[in-house]
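Any read-out appearing in this document is the output of simple, stated calculations on the displayed coordinates, not a laboratory observation. As the structure is a prediction and not an experimental result, all values here were calculated from the model. Methodologically, a virtual Cβ is constructed for each residue, glycine included, from the backbone with ideal geometry; neighbour enumeration extends over all protein chains shown.
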Amino acid sequence: MSSRVAARSTTPVAPDSPVDGLLEPDVYGTVDEAPIAAPGGIDADADGQLNARRDAPVGGQAVLEGVMMRGVSNWAVAVRKPTDEQLAEGERSPEEAALGEIEVTAFPLESALRRHRLLRLPIVRGVVALGGSLAIGFRALEVSANAQLPPDEKDGSAEEIPKAVWAGTVVVALIVAIVLFFLIPVGLTSLIKDQLGSSFLFWLIEGVVRTSIFLGYMLLLSRLRDLRRVFEYHGAEHKTISCFEAGLPLTPTNAQRFSRLHPRCGTSFLLVVMIVAIFVFAPIGLPAWYWLVATRILGVPLIAGISFELIKFAGRNRSRPWVRAVMWPGLKLQLLTTREPDLDQLAVAIAALRAVLDRETPGELSAEDLVGVEVVA
């Protein structure tokens, strides 16, 4: 199901708010004046940015010139479509990008967790949920990439990137991740294995090497100019989700006041993966090199499942001081993978979330509706 939303509307929003002085008239679209049905609760950080105190079963991902949002039983992608003039020029500035229409495409979501009770066991549910998230994430990237292509000159229909190309991209991405973050660290540490003479030193150094490679990789990505707008949409996704979790009307002006950091972010999850891997591999000791390689590959699902449980717990207990302290490094790492979005980008993120909310109301779902729901922001 697909629809298009005008770039802007001039209908102002009444400045009524459950937080004094928070809401302002907004010219990006008509919204409900009453708070959205969500858990609610707001506090402010040291920088004066707002944070929601509780979780809601919604998540998302930045894509090319847009945002994917997912709920309990639906997910949607909102993308800024390039105009004909922009397609002819081949390149567009941020100001020009904001002129395009917002195209929203919605899809039903049926998780395997809802159908099979055994898959909802701790750790197992994390592996299944992450697999589903990866599938949706790559599909959302495909939708957003296709939205940036010009129409086919023959019949006027939209061009699309071949499915085989996306399948190959997924396989290559997974292989590169395993090699870069698991096989290379154990390989490098194995070069000095005999000099170490201690399994404790081996897994400690391997963990430091793995985490260092990961942090260096994140730093490199943050410096790439071509990814800057993706990181801005990542920030827009987080702000929009937090605005919803706080129970406020979804407007770009409201969302802009929230922090671009979120405790359930995939960036924080990846850092947790690096740290959890140190403890998972510690009991293995110093077996032959082929067993070291095998355990690093076979251990990935277990590490991912444990890390998912930790991120999920942190999201639900974000108001506890000790949880905030533990998750602080992951939140700060998000400073590399998010940027402050503008109001036009927030309008895109809100369009994606509203497409989901039009089909379900997370704040009013029954316990049966929430069976098997596992979402990462």
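Results, tabulated for the structure shown:
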item: Environment charge at Lys193 (Cβ cut-off 15 Å; Lys +1, Arg +1, Asp -1, Glu -1); result: -1
item: For peptides 309-317, 218-226, 285-293, 257-265, sequence by mean Cβ density within 10 Å, most packed first; result: 257-265, 309-317, 285-293, 218-226
item: Net charge of Cβ neighbours under 13 Å - reference Phe181; Lys, Arg +1; Asp, Glu -1; result: +1
item: Segment 161-303: radius of gyration over Cα atoms, expressed as a fraction of 2.2 N^0.38 Å; result: 1.33
item: Computed label-point distance, nm, for sites Phe138 and Arg225 using a 7 Å Cα→Cβ extension; result: 3.1
item: Stretchable slack from Ala167 to Thr361, in nm (0.36 nm times residue separation minus alpha-carbon distance); result: 66.6 nm
item: Candidate lysines - alpha carbon under 26 Å from Lys312, same-chain residues fewer than 8 apart omitted; result: Lys239, Lys332
item: Hydrodynamic radius of segment 191-259 per Kirkwood, over alpha carbon pairs, in Å; result: 15.5
item: Positive minus negative residues near Gly60 (Lys, Arg vs Asp, Glu; Cβ under 9 Å); result: 0
